[in-house]
Amino acid sequence: MLDLAVIGAGPCGLAVGVAAKRAHLACSLFDKGPVVSSLQRYPLYMTFFSTPEKLEIGVPFVTAGDKPTRREALAYYRRVAEHFELDVRQYHAVVRVERTAEGFELEAQHPGAAEPETIRTRHVVCATGYFESPNLLDVPGEDLPHVSHFFVEPHPYWQQRVVVVGGGNSAVEAALELSRVNARVTLVHFLSDFDRGVKPWVLPDITNRVKEGRVAVRWCSRVVEITRSHVVVRRDPDGDRETVPADFVVALTGYRADLSPPSPWRPTCEGSTSRASFRPGSTPTRSSSRTAGSTAAGFATTLKANPPELPLGGDRLLDIVRPRTRCERDESGSVLTSEARRVP
Ligand SMILES: Cc1cc2nc3c(=O)[nH]c(=O)nc-3n(C[C@H](O)[C@H](O)[C@H](O)COP(=O)(O)OP(=O)(O)OC[C@H]3O[C@@H](n4cnc5c(N)ncnc54)[C@H](O)[C@@H]3O)c2cc1C
């Protein structure tokens, strides 16, 4: 029987694994993809916002430049797993978690296996992230094949008309990369300016591209319909509609944690506070699960024999979350604690 099973081998899951290793716990990590699989879907040429020491988990993170690239980060996290000899069970999707008298029973399905494997463990840490659940526009046509909620690289869009939806870092960086390969970019954003969190060194670049007309922008505008050839944009507050030709639509409107764990432990929220708790068999309302989703992203939540309330500290611990995880035994040998802190 394991002391600890970690669902998800992203940066937070790995940090839990390292802390567990240091505490001499028998711990395995289960990921439905490869280790740090969500980084695989990041833009190929992205540079992290954080400096490498802020992303470190137990071993130094040395990079060629000031900030790590995606490729450097992938190599780093592989090295962390190797250095600490973490038991990372890649391509094992956890499909069920049940409470038992001793702790928990998990089922993990490998695509090559006919039946899921059963794992018994005293504790479970759920570190399943948020990058797989984009905030949808919720408009007709969003499911068309030329619409994507992820941007990986600009090459496929050369000389194409691309509508980028959003005004944060992902949208701005995608618009810039697209403009550099001569895609015809129109950025649609519901605010009257770029988001305040846009990287300071990126802002002058996009501002100048907008000024010189290489990136067209529709401020205070929302996409209300997508067809195979165009996007219908409604301008606030007057409601005027415009048809913008589009060969591709890249909607980069953020992501949220999918807190529908494969278990009878459902997240619930207490009123409008940012406290989530896990109770057996309770079913979240749509709004409560959304609140829990936004607070629990990137957060390694510990499910214990007596499900604790989780003080999540702030209502939007979204993108920039760095795990600081401690795993300790108390006198009875059963306490695990974990916490996640926002990167300054
Ligand atoms: C473009 C971009 C740039 C970013 N830049 C920075 C930055 O500069 N600094 C910073 O601190 N943060 C940055 N972030 C955010 C950071 O990457 C995330 O906060 C971090 O990846 C969260 O780690 P995590 O382990 O919680 O989740 P994830 O990395 O999403 O890992 C979750 C893992 O759980 C697995 N999983 C999900 N469900 C199951 C299941 N049922 N069974 C098994 N496995 C499952 C997934 O496959 C995945 O590997 C950035 C994010 C993006 C998108």
Query raised in the report: For region 89-129, what are the residues that are assigned to a strand (DSSP E or B), surrounded by 15 or more Cβ atoms within 10 Å (Cβ to Cβ) and among the polar types (S, T, N, Q)?
Result: Gln109, Thr121
Query raised in the report: Of all the helices (runs of 4 or more DSSP H) wholly in region 1-84, which have at least 3 residues that are of a type in the set (D, E, K, R) and more than 7 Å from the ligand (Cβ to nearest atom)?
Result: 70-83
Requested in this report: Hey, can you tell me all the residues within region 131-161 that are within 15 Å of Ala171 (Cβ to Cβ) and not in a loop (DSSP other than H, G, I, E, B)?
Outcome: Pro134, Val147, Ser148, Tyr157
Query raised in the report: Which of (1) under 30 Å from Ala246 (Cα atoms); (2) surrounded by fewer than 19 Cβ atoms within 10 Å (Cβ to Cβ) is the odd one out, the single condition Glu82 does not satisfy?
Result: (1)
Query raised in the report: Only one of these conditions is not met by Trp201: (1) away from the ligand (no atom under 16 Å from the Cβ); (2) free of Cβ contacts under 8 Å to residues at least 24 places away in the same chain. Which number is it?
Result: (1)
Requested in this report: Could you tell me whether Val18 is loosely packed, with under 15 Cβ neighbours inside 10 Å, over 25 Å from Ala174 (Cα atoms) and β-branched (Val, Ile, Thr)?
Outcome: no
Query raised in the report: Could you give every pair whose Cβ atoms fall below 7 Å, whose first residue belongs to region 67-82 and is under 12 Å from Pro11 (Cα atoms), and whose second residue is of a type in the set (Phe, Trp, Tyr), counting only separations of at least 6 or pairs across chains?
Result: Ala73/Phe48; Tyr76/Phe61
Query - Pairs with Cβ under 7 Å, 6+ apart, first in region 224-237 and crowded, with 17+ Cβ neighbours inside 10 Å, second part of a loop (DSSP other than H, G, I, E, B) and among the small types (Gly, Ala, Ser) - result: Ile226/Gly141; His230/Ala246; Val231/Ala246
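FYI, it's all coordinate maths here, none of it is from the lab. Source: prediction; values computed, not measured. Cβ sites come from the backbone with ideal geometry, for glycine too, and all protein chains shown count toward neighbours.
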